1. Restricting attention to the range 56-77, does a residue exist that is in contact (Cβ under 8 Å) with a residue 24 or more places away in the chain, over 14 Å from the mean Cα position of the chain (by Cα) and part of a helix (DSSP H, G or I)?
2. From the set of residues in the range 78-95 that are farther than 18 Å from L112 by Cα and small (G, A, S), which is nearest to the chain's Cα centre (by Cα)?
3. Starting from residues that are modelled with pLDDT under 85 and of a type in the set (A, V, I, L, M), keep the ones in the range 167-190 and report whichever is surrounded by the fewest Cβ atoms within 10 Å (Cβ to Cβ).
4. Kindly indicate whether L51 is open to solvent by less than 60 Å² (accessible area, probe 1.4 Å), touching a residue at least 24 places away in the same chain (Cβ under 8 Å) and within 17 Å of F195 (Cα to Cα).
5. One residue is enough: does the range 6-22 have a residue meeting the conditions modelled with pLDDT of 65 or more and open to solvent by less than 40 Å² (accessible area, probe 1.4 Å)?
6. Exactly one of (1) among the polar types (S, T, N, Q); (2) modelled with pLDDT of 90 or more; (3) open to solvent by 60 Å² or more (accessible area, probe 1.4 Å) is unmet by T69. Its number?
7. In the range 77-94, how many residues are under 18 Å from D120 (Cβ atoms) and crowded, with 20+ Cβ neighbours inside 10 Å?
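The values are calculated or read from the model by the stated rules, or taken from the named source; none is laboratory data. Just so you know, these numbers come straight off a predicted model, no measurement behind them. Counting neighbours? That spans all protein chains shown, and the Cβs are built from the backbone with ideal geometry, glycine included. For accessibility, only protein heavy atoms count, side chains too; no ligands or nucleic acids. Shrake-Rupley method; radii C 1.70, N 1.55, O 1.52, S 1.80 Å.
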Amino acid sequence: AHGEAMGVVAARQLLPQAQDDAAGEAKRQSATAEARARAFDEARAQLRTQLTEVLDLAPTGDRDLDHATAGQLLDAFNGFHAACQDVVRTSGVGADAEALRRTLDKLAALALAAQRALSDAEQLSAVNAIFLTPARLFAGGAVIAVALLLRFPAAILVVLAAAALVVAYRWYTGFRATEEALAKLRLFGLHARTFLRSEAGGGGEADGKD
């Protein structure tokens, strides 16, 4: 009986300490959850900013995809991928978070496809800039003029045909690459705008807390 009484006394003495420890742990968990929620909200805000930048840069209507715009788009896509990683890293667990990650995976895949198409178009544009410069076209014209002066009809036909084929091929490959890049950008833009509308409407919210 004496031992039981001593145990009760000891328990009562330790109870305030246990309560303080429990309260402190609850505060630490709450602070951690709040910090993570803030990081999650900031990451989503940055993601929306990066998406908006890509959409603003992407040509629409009759706008051309020039070299400067293509370079800016490639940089903007890199920023978008980084923002996606930050959102995924802070998204926590749960069905909403998993749905958000699936949506971002799809957007990231579409962005990567658009980036590759942009890179291909830029490479072809750079090659065309070498072959289709006024200086090279002038050189071809000079060759034709010399052939005319020397009265070589066969040479004239060969040179004209070769020049026309080269110019047409380079132009067509560049045109197709640009059209492919624009198509990929339009597809990405369609899904990106849908995502931004869902964000603005509060849809697809994911809990940033564990």
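1. Looking through the range 56-77, at least one residue is in contact (Cβ under 8 Å) with a residue 24 or more places away in the chain, over 14 Å from the mean Cα position of the chain (by Cα) and part of a helix (DSSP H, G or I).
2. Narrowing the range 78-95 to residues farther than 18 Å from L112 by Cα: 89-95.
Okay, now just the ones that are also small (G, A, S), so 91-92, 94-95.
Details: S91: 18, G92: 22, G94: 25, A95: 24 Å.
Taking the candidates together, the pick is S91.
3. So the residue we want is A168.
4. Yes; evaluated as a whole, the condition is true for this residue.
5. No, because not a single residue in the range 6-22 is modelled with pLDDT of 65 or more and open to solvent by less than 40 Å² (accessible area, probe 1.4 Å).
6. Every listed condition holds for T69 apart from (3).
7. The number of residues fulfilling the criteria is 1.
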